[in-house]
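J.: Mind having a look at this structure? Questions to follow.
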Amino acid sequence: MLNYKQLHHFWAVARAGGIVRAAERSGLAPQTLSGQIATLETDLGVNLFKRQGRGLVLTETGRMVLDYAEEIFRLGSELEEALHSRATGRAVPFRVGIADVVPKAVAWLLLAPALDLPEPMRLVCREGKFDALLGELAIHKLDVVLADSPMPSNMDVRGFSHALGESTIGFYATPALAAALDGPFPARLDGAPLLLPGVEASVRGPLLRWIESEGLRPRIVGEFDDSALMRAFAEAGAGIFPSASLIGPQLREQNGMIHLGDASGVSETYYAISVERRLTHPAVRAISDAARGREKLG
């Protein structure tokens with residue numbers, strides 16, 4: 001049977017990058033850690049480390065074992081936190097990273113099922129760049145990351161992408177700007193001021209290809225990494241802006257925007273990215289289960 005104490009010592013050494021550094025952090029003697037890892041290797045019948053110069057590096061098997069150890073001890077920490085929260089009557093924290101290209105209204109729709117659970121949840125949202133949020137996810141500072149693209153295959157971060165929904169993309173403008181445009185859609189975009197999402201937005205490429213395929217030459221007057229900032233400029237009349245059709249009713253009813261038309265064949269898919277293949281956090285399971293009940297968001 002697997003000795004979890006020895007596995008924890010292996011995990012600590014792998015995370016620290018060496019036995020001496022792990023010993024300094026844990027207060028244990030280096031010889032103790034070395035002996036525990038040697039015993040674990042003997043019991044498992046594999047080598048977890050190999051020597052490289054004066055140090056140790058993980059073997060391929062060691063990297064696999066580390067992946068499992070990360071998940072085992074993350075779940076253990078999550079269990080302790082959940083039990084402590086229940087014992088004290090506090091809400092269970094649900095820490096979410098939201099990529100800044102994801103519209104705020106879309107993030108709310110995706111996260112809403114987590115707030116309807118019988119067990120109270122305390123939602124903690126962090127907004128930022130996708131790469132930075134994935135880094136926080138990797139060290140378990142976040143439970144999940146919401147993004148407009150799946151986990152990049154070239155990143156040295158262990159994670160799994162779960163599709164939550166898809167929305168078509170429409171174009172919106174203030175009444176004054178819409179009135180100044182001539183012709184039917186999409187021809188009326190030709191020569192018109194246009195706001196675009198930044199280069200990190202997954203929908204940017206498909207939008208530009210659609211514009212080119214329609215033979216349009218709008219004037220690109222602004223590019224924005226933050227979807228809320230782009231929307232603020234659009235509502236001030238700076239230009240036409242593309243947005244998920246999901247929030248079209250809100251843009252029309254609350255903000256008085258005019259829907260000019262949709263980019264045919266262009267859509268945006270939203271993902272929940274976690275460090276686990278099988279979802280265990282109740283809030284993450286709730287938003288994933290809700291996603292299965294719909295094919296499109298809007």
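J.: Answer with yes or no whether Phe94 is surrounded by fewer than 19 Cβ atoms within 10 Å (Cβ to Cβ) and either touching a His at 6+ places or on another chain (Cβ under 8 Å) or closer than 30 Å to Ala232 by Cβ (or both). Please lay out each step first, then the result.
T.: On the way: surrounded by fewer than 19 Cβ atoms within 10 Å (Cβ to Cβ): no; either touching a His at 6+ places or on another chain (Cβ under 8 Å) or closer than 30 Å to Ala232 by Cβ (or both): yes.
Considered against the rule, which asks whether it is surrounded by fewer than 19 Cβ atoms within 10 Å (Cβ to Cβ) and either touching a His at 6+ places or on another chain (Cβ under 8 Å) or closer than 30 Å to Ala232 by Cβ (or both), Phe94 comes out as no.
J.: Find the residue count for the range 252-265, including only residues that are surrounded by 13 or more Cβ atoms within 10 Å (Cβ to Cβ) and under 16 Å from Val203 (Cα atoms).
T.: Filtering the range 252-265 for residues surrounded by 13 or more Cβ atoms within 10 Å (Cβ to Cβ) gives 252, 255, 257-263.
Adding the requirement that they be under 16 Å from Val203 (Cα atoms) leaves 262-263.
Total satisfying the criteria: 2.
J.: Still on this structure, please answer the following. Is one or more of the residues making up the range 260-276 on the phi > 0 side of the Ramachandran plot and not in a strand (DSSP E or B)?
T.: Quick first cut of the range 260-276, residues on the phi > 0 side of the Ramachandran plot only: 261, 265.
Right, trim to not in a strand (DSSP E or B) and you get none.
No, every residue in the range 260-276 fails to be on the phi > 0 side of the Ramachandran plot and not in a strand (DSSP E or B).
J.: Let me spell it out: the conditions are (1) assigned to a loop (DSSP other than H, G, I, E, B); (2) exposed (fewer than 14 other Cβ atoms within 10 Å of the Cβ), and Pro249 meets all of them except one. Which number is the exception?
T.: Here Pro249 meets the rest and fails (1).
J.: If you check Arg25, Arg74, which single one turns out to be at negative phi, basic (Lys, Arg), touching a His at 6+ places or on another chain (Cβ under 9 Å) and in contact (Cβ under 8 Å) with a residue 12 or more places away in the chain? Reasoning before the result, please.
T.: Working: Arg25 fails: touching a His at 6+ places or on another chain (Cβ under 9 Å).
The conditions single out Arg74.
J.: Let me ask another. Can you pull out every residue in the range 171-209 that is part of a helix (DSSP H, G or I) and under 13 Å from Pro242 (Cα atoms)?
T.: So in the range 171-209, the residues part of a helix (DSSP H, G or I) come out as 175-179, 187-189, 204-209.
Selection gives Leu189, Arg204, Gly205, Pro206, Leu207, Leu208.
J.: Within the range 126-157, which residues are loosely packed, with under 15 Cβ neighbours inside 10 Å and either touching a strand residue (DSSP E or B) at 6+ places or on another chain (Cβ under 6 Å) or not assigned by TED's automatic domain parsing to the domain that holds Pro282 (or both)?
T.: Arg126
J.: Cβ-Cβ below 6 Å, separation at least six or inter-chain, first residue in the range 120-148 and more than 16 Å from Arg158 (Cβ to Cβ) and part of a loop (DSSP other than H, G, I, E, B), second among the β-branched types (Val, Ile, Thr) and at pLDDT 85 or above: which pairs?
T.: Within 6 Å, the pairs are Asp148/Val101; Asp148/Val102.
J.: Condition check: surrounded by 13 or more Cβ atoms within 10 Å (Cβ to Cβ), in contact with a helix residue (DSSP H, G or I) (Cβ under 8 Å, 6 or more places away or on another chain), closer than 23 Å to Gly128 by Cβ and not polar (S, T, N, Q). Does Phe224 satisfy that?
T.: Working: surrounded by 13 or more Cβ atoms within 10 Å (Cβ to Cβ): yes; in contact with a helix residue (DSSP H, G or I) (Cβ under 8 Å, 6 or more places away or on another chain): yes; closer than 23 Å to Gly128 by Cβ: yes; not polar (S, T, N, Q): yes.
Here the answer is yes, as Phe224 does meet what is asked.
J.: Taking the range 252-276, which residues are under 15 Å from the mean Cα position of the chain (by Cα) and either over 23 Å from Ala132 (Cβ atoms) or β-branched (Val, Ile, Thr) (or both)?
T.: Within the range 252-276, Thr269, Ile273, Val275 meet the criteria.
The values are calculated or read from the model by the stated rules, or taken from the named source; none is laboratory data. Just so we're clear, the structure is a prediction, and the values are computed from it rather than from any experiment. Quick reminder, even Gly has a Cβ in these numbers, built from the backbone with ideal geometry, and neighbours come from all protein chains shown.
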